[in-house]
Structure formats: C-alpha cells, structure tokens
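Let me begin by presenting the structure, written as structure tokens, before commenting on it.
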Amino acid sequence: MKKTLLKYLCMALPYNLIVREGEVLTETLESLKRVGTDSDCFVVNRISDEAPGFHYSRVKPILRPLSTMTEAEIKDLANVLYGAKEENVIEARHSCDNSVIMRWRENSGTQTSRIWYDEVRNMKHLDWLLRKHFDFYELIPAKLALPTTAEYNPYII
C-alpha cells in the first residue's frame with residue numbers, strides 16, 4: 001500500500017497537494033525543489049537548502065473523501081466527462097453503492113451515467129480528481145492519508 005501512496009504523491013504534486021508531516025502542513029508545490037530517490041526512498045526537498053526534505057512514509061496527504069463531492073462538482077464532472085452543460089444536468093447525486101449518478105438532457109434525449117468512486121474513466125477524469133484532491137486510491141481508509149472534514153479543510157481559503 002505504501003507504493004500506492006508514492007504513486008498518488010507523484011501524480012498529485014503539481015496540484016498544490018497539502019501534506020502533514022507531524023504537526024506541520026506543507027503545500028508541496030510551493031516547497032518543491034527536487035523530487036528524487038535517496039537510498040530507495042522518495043524524497044521531496046524543500047526550496048531552502050537548510051530545510052530537510054521529507055520521506056513519503058512520514059507524510060500524509062490531506063485528501064477529500066469522494067463522498068464529500070458536492071452536487072455542483074458532480075455537475076462539473078458531467079461536463080468534464082460528457083460535455084453536459086450545467087443547465088442540462090437534471091440529476092447529480094451520490095448513490096448508496098459508492099457511486100455518483102448523473103443524468104442530463106441532450107438533443108437525442110436523456111443520458112445517464114454512474115461512476116463508481118474507485119473508477120477513473122480517462123485522463124481528463126484523473127486530472128479533475130487530482131485537481132479537486134479526492135481520495136480515489138482509498139488512502140484514507142488505509143490510514144495513509146488524512147481526510148478533510150467540514151471543520152477542517154485546508155484547501156478552502
């Protein structure tokens with residue numbers, strides 16, 4: 001599972017991912033100087049030469065559970081995946097089976113799609129999930145990431 005964390009960190013670095021190392025929150029892109037390996041360890045060095053880098057096993061990314069995706073975000077995802085305009089989306093909701101359901105009007109009639117939380121449809125979808133900091137690798141249940149909550153979300157300014 002640690003390799004899954006490493007994969008996620010590598011993909012998420014350009015998206016201003018915030019990680020917690022002990023009690024310190026770090027925005028990875030702002031502090032990024034070098035990404036590399038040191039004795040088979042993933043290391044991100046901070047910009048300052050005096051500040052040490054951090055090993056991926058000592059940090060936890062702050063991620064959003066997929067269940068916190070808002071109706072507006074589901075509509076946006078329908079646009080990203082299918083080109084559905086927001087005003088044409090007639091249903092955008094979570095289902096009880098860990099999926100989101102979206103339904104929209106097109107010239108040819110009504111279209112419906114269900115996307116499971118652990119499913120990535122294409123590169124645009126992957127980019128959207130990373131940009132929104134969603135936990136599509138299930139790192140939170142594995143205790144490799146920390147969840148955002150209504151009370152604690154460092155991505156909301």
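Quick note: the coordinates plus some simple rules give every number you see, no bench work behind them. Please read all numbers here as calculations on a predicted model, not as lab measurements. Neighbour counts run over all protein chains shown; Cβ positions are idealised from the backbone, glycine included.
Counting only other residues whose beta carbon sits under 15 Å from that of E23, what net charge do I get with K and R as +1, D and E as -1? Could the numbers behind the result be given before it?
Numbers: positive: R20, R58, K60; negative: E21.
Residues near E23 contribute +2 overall.
Over the stretch 67-121, what is the relative contact order in percent, taking alpha-carbon pairs closer than 8 angstrom and at least six residues apart?
Working: 74 pairs, mean separation 13.8, N = 55.
In percent, rounded to a whole number, it is 25.
Mean 1/r over all different Cα pairs, inverted: what Kirkwood radius does the stretch 54-157 give, in Å? Walk me through the numbers on the way to the answer.
Working: mean 1/r = 0.0678 Å⁻¹.
Kirkwood radius, the stretch 54-157: 14.8 Å.
If the limit is 28 Å between Cα atoms, which of K3/K124; K60/K124; K7/K124; K85/K143; K7/K85; K3/K75 go over it?
Working: K3/K124 23 Å; K60/K124 25 Å; K7/K124 18 Å; K85/K143 37 Å; K7/K85 33 Å; K3/K75 32 Å.
Going by Cα-Cα distance, K85/K143; K7/K85; K3/K75 fall outside the 28 Å limit.
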